[in-house]
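*Asks:* Below you will find the structure I want to go over with you.
The values are calculated or read from the model by the stated rules, or taken from the named source; none is laboratory data. Keep in mind that this is a model prediction, so the values were computed, not measured. Note that each Cβ is placed from the backbone with ideal geometry, even for glycine, and that neighbours are counted across all protein chains shown. Remember, those area values only see protein heavy atoms, side chains included, never the ligands or the DNA or RNA. Shrake-Rupley method; radii C 1.70, N 1.55, O 1.52, S 1.80 Å.
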Amino acid sequence: MWRRLRSALRRLRRSPATLLAGGARPPAAAAMERAVVRCVPSEPKLSLRFVLPDGSARHMQRDQAEPLGRALARIATNAAKGPAKAAKKSKKARAEGAPTGEAAAAAPAVRLFSRDGEAVAEEVPNAAAWQDGAVLQIGEAQYRVERNPPALTELRLPRSLLAGFPVCPKVSAEFAAPQHCLFRWYREQRPAGGGGEAAAGGDGPAWVEAAGGERVFTPSNAMVGLRLKLRCTPGDGAQRYGPPREVESSGPVEAGPGACTFDSRHLYTKKVCGQGSIRAVSYNILADTYAQTEFSRTVLYPYCAPYALELDYRQNLLKKELAGYSADLICLQEVDKSVFVDSLAPALDAFGLEGVFKIKEKQHEGLATFYRRDKFSLLSQHDIAFSEALLSDTLHKELHDKLAQYPLVQEKVLQRSSVLQVSVFQSATDPSRKICVANTHLYWHPKGGNIRLIQIAVALSHIKHVACDLYPSIPVIFCGDFNSTPSSGTYSFINSGVIAEDHEDWVSNGEEERCNMPLTHPFKLLSACGEPAYTNYVGGFHGCLDYIFIDKNALEVEQVIPLPTHEEVTTHQALPSVSHPSDHIALICDLKWK
């Protein structure tokens, strides 16, 4: 079909349309109405929207391969409907003896002119005929054709707004990109003397411009109690702009919590680090699906104010925290799918980060890895589910055969929904530099040391395949919530490259589930942030469970961003709290290539 369209484009010429008399150029018009055409190659039909002189809106769907003449004939028929209705009313009026206007007019002349003023031939297919800048003439009315103009498909503000915390709208657009859109922010006019102030010409609130140009807006304390409004004009980066849309916040700006646990950490991360360095973050952000249970509220986190466990509240804190780290790579665990799509991805996109997501099997949460666009490009993804990989990937056949000797343990391993996210990135400034970034969240149970050993063996075997076979000798960064303290078999195995078959973790759940096997891996890995006293601090437990392991042959630690002080962590007894959005603490370090 597209070959025919290209040939038709070459045949654009002046042509007397059968519907229309003559072939003259359209008369010059001071201002034209818009005729908006949406034409996407992957779809069979194009759409055409315009408003007739009588004020009635028309929205037509036409086959892209259909000859233009048929579409013009249909427009003429539509345009004649208004006068026809008027004629019916006139006939009725005459029957009742009332004075009447003139009889219904005939269908108006309808034609399409190219940008250079030549009439487009009727046999040209629609897809080739309706070009940007063409002129549609319906009788005396003229319309400037806008083909695939920038358009907003979604514009939404977060439900919860806190003073001092960035407001990141969700912006979805067609034929446009958020970075090319124009943004203007407004706040409500504060009522004078307790009475409301109406906007000019209406009953709604009066709005005062608060900021313009920036996609992200941080309301001040002076805006507490006031709603916000955003006006967004979609743009495509080529000086084309579509119709603007406005959205108002559902509620007013509320007071923020004051000092947060991450404020002092932001003092170390005000700027993105240089091109030779990588700032990496690993963080279990506490999935909403776990925070919002009765068990969480009454048993796990009874010390946390209920409103501070609400997703909207925690997301405010989390977005400010992550944005303030100015990171190049962020590996997150316990990410609700809806949080990734509707909150984190749009917010971090505004700060120059792009993200990929891997959901756990049969779960609503998973893993997310974000990377700084101007530092890295994503080359490939190699995500796996541990249970599925063990069963179906020949890479793990030896381990699978060993595990088959311990059916109780095998069954438990295969029941787990844990996944591994593996992404390969290339440096934007030095294409020879590639890096393998892995992210995982291992089985949680305190007695599940043997299960975690199997999971980490699968993970390291898979990472070896990616970083040694597919991309020979590229460095590895391995982040995650390993649910393993520094004294565990899992930590020892990652750190040393070996685990003995008689290690105590093989009997972590008793003799019945004993599972003895020696394991090795080829990497030289180092915990970049060392072994903090804790990365997880809840009422009944605190310990170090999270790590950023790095390939010490290729990378070295430039600086580790200090964790919050014990006083900051325990200000509200434990985590999460009104000043900290998760029960874990983010690990942050600056790395550099050796």
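*Asks:* Restricting attention to region 513-526, does a residue exist that is under 28 Å from Asp583 (Cα atoms), within 34 Å of the chain's Cα centre (by Cα) and of a type outside the set (Phe, Trp, Tyr)? Quick ask: steps written out before the conclusion?
*Replies:* Going through region 513-526, the residues under 28 Å from Asp583 (Cα atoms) turn out to be 525-526.
Remaining after also requiring within 34 Å of the chain's Cα centre (by Cα): 525-526.
When the remaining residues are screened for being of a type outside the set (Phe, Trp, Tyr), the result is 525-526.
Yes, that holds for at least one residue.
*Asks:* Can you find a residue that is open to solvent by less than 50 Å² (accessible area, probe 1.4 Å), touching a Pro at 6+ places or on another chain (Cβ under 7 Å), part of a loop (DSSP other than H, G, I, E, B) and assigned by the TED database to the domain that holds Glu556 anywhere in region 222-231?
*Replies:* no
*Asks:* Here are the criteria: (1) part of a strand (DSSP E or B); (2) within 30 Å of Cys39 (Cβ to Cβ); (3) at pLDDT below 95; (4) of a type outside the set (Phe, Trp, Tyr). Tell me which single one Arg215 does not satisfy.
*Replies:* So Arg215 meets the others, but not (1).
*Asks:* Just to verify a result, which residue in region 407-448, among those that are under 18 Å from Tyr471 (Cα atoms) and of a type in the set (Ser, Thr, Tyr), is surrounded by the most Cβ atoms within 10 Å (Cβ to Cβ)?
*Replies:* The extreme case among them is Ser423.
*Asks:* If you don't mind, another one. Taking the conditions exactly as written (of a type in the set (Gly, Ala, Ser), modelled with pLDDT under 90 and open to solvent by 30 Å² or more (accessible area, probe 1.4 Å)), does Ala200 satisfy them or not? Steps first, answer last, please.
*Replies:* Values: of a type in the set (Gly, Ala, Ser): yes; modelled with pLDDT under 90: yes; open to solvent by 30 Å² or more (accessible area, probe 1.4 Å): yes.
Yes; evaluated as a whole, the condition is true for this residue.
*Asks:* Then there is this: Which residue is farthest from Leu575 (Cα to Cα), if the candidates are limited to region 270-295 and must be of a type in the set (S, T, N, Q) and touching an Asp or Glu at 6+ places or on another chain (Cβ under 9 Å)?
*Replies:* Applying the first criterion (of a type in the set (S, T, N, Q)) to region 270-295 yields 275, 277, 282, 284, 289, 292-293.
Still in the running and touching an Asp or Glu at 6+ places or on another chain (Cβ under 9 Å): 275, 277, 282, 284, 289, 292.
Numbers: Gln275: 35, Ser277: 31, Ser282: 17, Asn284: 12, Thr289: 17, Gln292: 15 Å.
In this case the residue turns out to be Gln275.
*Asks:* Give the number of residues within region 374-403 that are charged (D, E, K, R), open to solvent by 60 Å² or more (accessible area, probe 1.4 Å) and over 19 Å from Tyr443 (Cβ atoms).
*Replies:* 4
*Asks:* I would also like to ask the following. Tell me, which residue of region 562-594 that is under 30 Å from the mean Cα position of the chain (by Cα) and open to solvent by 30 Å² or more (accessible area, probe 1.4 Å) is modelled with the lowest pLDDT?
*Replies:* Ranking the candidates gives Trp593 first.
*Asks:* Just a yes or no: is a residue in region 454-471 basic (Lys, Arg), assigned to a helix (DSSP H, G or I) and either touching a Gly at 6+ places or on another chain (Cβ under 7 Å) or buried (at least 24 other Cβ atoms within 10 Å of the Cβ) (or both)?
*Replies:* To start, the set of residues in region 454-471 that are basic (Lys, Arg) comprises 464.
Then drop every residue that is not assigned to a helix (DSSP H, G or I), which leaves 464.
Subset that is either touching a Gly at 6+ places or on another chain (Cβ under 7 Å) or buried (at least 24 other Cβ atoms within 10 Å of the Cβ) (or both): none.
No; the residues of region 454-471 include none that is basic (Lys, Arg), assigned to a helix (DSSP H, G or I) and either touching a Gly at 6+ places or on another chain (Cβ under 7 Å) or buried (at least 24 other Cβ atoms within 10 Å of the Cβ) (or both).
*Asks:* Here's a follow-up. For region 553-561, does any single residue satisfy the condition of being farther than 19 Å from Cys273 by Cα, crowded, with 18+ Cβ neighbours inside 10 Å and out of contact with any helix residue (DSSP H, G or I) (no Cβ under 7 Å at 6 or more places or on another chain)? Show your work before the answer.
*Replies:* The first filter runs over region 553-561 and keeps only residues farther than 19 Å from Cys273 by Cα, leaving 553.
Checking the rest, the ones that are also crowded, with 18+ Cβ neighbours inside 10 Å come to none.
No, every residue in region 553-561 fails to be farther than 19 Å from Cys273 by Cα, crowded, with 18+ Cβ neighbours inside 10 Å and out of contact with any helix residue (DSSP H, G or I) (no Cβ under 7 Å at 6 or more places or on another chain).
*Asks:* Next up: If you scan region 242-265, which residues turn out to be modelled with pLDDT of 95 or more, within 30 Å of Ala151 (Cα to Cα) and open to solvent by 40 Å² or more (accessible area, probe 1.4 Å)?
*Replies:* Pro244, Arg245, Glu246, Glu248, Ser250, Pro252
*Asks:* Kindly establish whether Thr570 is among the hydroxyl-bearing types (Ser, Thr, Tyr) and within 19 Å of Ala305 (Cβ to Cβ). Talk me through it step by step, then tell me what you get.
*Replies:* Working: among the hydroxyl-bearing types (Ser, Thr, Tyr): yes; within 19 Å of Ala305 (Cβ to Cβ): yes.
Spelling it out, Thr570 is indeed among the hydroxyl-bearing types (Ser, Thr, Tyr) and within 19 Å of Ala305 (Cβ to Cβ).
*Asks:* Under 9 Å between Cβ atoms, which residue pairs at least 6 apart in sequence (or on different chains) link something in region 277-299 that is touching a residue at least 24 places away in the same chain (Cβ under 8 Å) and more than 15 Å from Val339 (Cα to Cα) with a partner that is open to solvent by 50 Å² or more (accessible area, probe 1.4 Å) and part of a loop (DSSP other than H, G, I, E, B)?
*Replies:* If the second residue must be open to solvent by 50 Å² or more (accessible area, probe 1.4 Å) and part of a loop (DSSP other than H, G, I, E, B), the pairs left are Arg279/Val272.
*Asks:* Further question: With the condition being more than 16 Å from Ser579 (Cα to Cα) and open to solvent by 50 Å² or more (accessible area, probe 1.4 Å), I'd like the strands (runs of 3 or more DSSP E) fully within region 266-366 carrying at least 1 qualifying residues. Outline the logic, then answer.
*Replies:* On the way: elements: 277-284, 329-336, 353-359.
Fully inside region 266-366 and qualifying: 353-359.
*Asks:* Looking only at region 116-138, which residues are among the acidic types (Asp, Glu) and either in contact with a Phe, Trp or Tyr (Cβ under 7 Å, 6 or more places away or on another chain) or without any contact (Cβ under 8 Å) to a residue 12 or more places away in the chain (or both)?
*Replies:* From region 116-138, those among the acidic types (Asp, Glu) are 116, 118, 122-123, 132; that's our starting set.
Within region 116-138, Asp116 is the sole residue that qualifies.
*Asks:* If you take the residues in region 183-197 that are of a type in the set (A, V, I, L, M, F, W, C) and modelled with pLDDT of 95 or more, which one is surrounded by the fewest Cβ atoms within 10 Å (Cβ to Cβ)?
*Replies:* Step one: list which residues in region 183-197 are of a type in the set (A, V, I, L, M, F, W, C), which gives 183, 185, 192.
In the following step, the residues that additionally are modelled with pLDDT of 95 or more were identified as 183, 185.
Values: Phe183: 20, Trp185: 23.
Filtering region 183-197 for residues that are of a type in the set (A, V, I, L, M, F, W, C) and modelled with pLDDT of 95 or more, the one surrounded by the fewest Cβ atoms within 10 Å (Cβ to Cβ) comes out as Phe183.
*Asks:* Tell me yes or no: at least one residue of region 535-544 is of a type in the set (A, V, I, L, M, F, W, C) and farther than 23 Å from Arg297 by Cβ. Break it down into steps so the answer makes sense when it comes.
*Replies:* Taking region 535-544 as the starting set, the residues that turn out to be of a type in the set (A, V, I, L, M, F, W, C) are 538, 541, 544.
Pick out the ones that are also farther than 23 Å from Arg297 by Cβ and you get 544.
Yes, the conditions are met somewhere in region 535-544.
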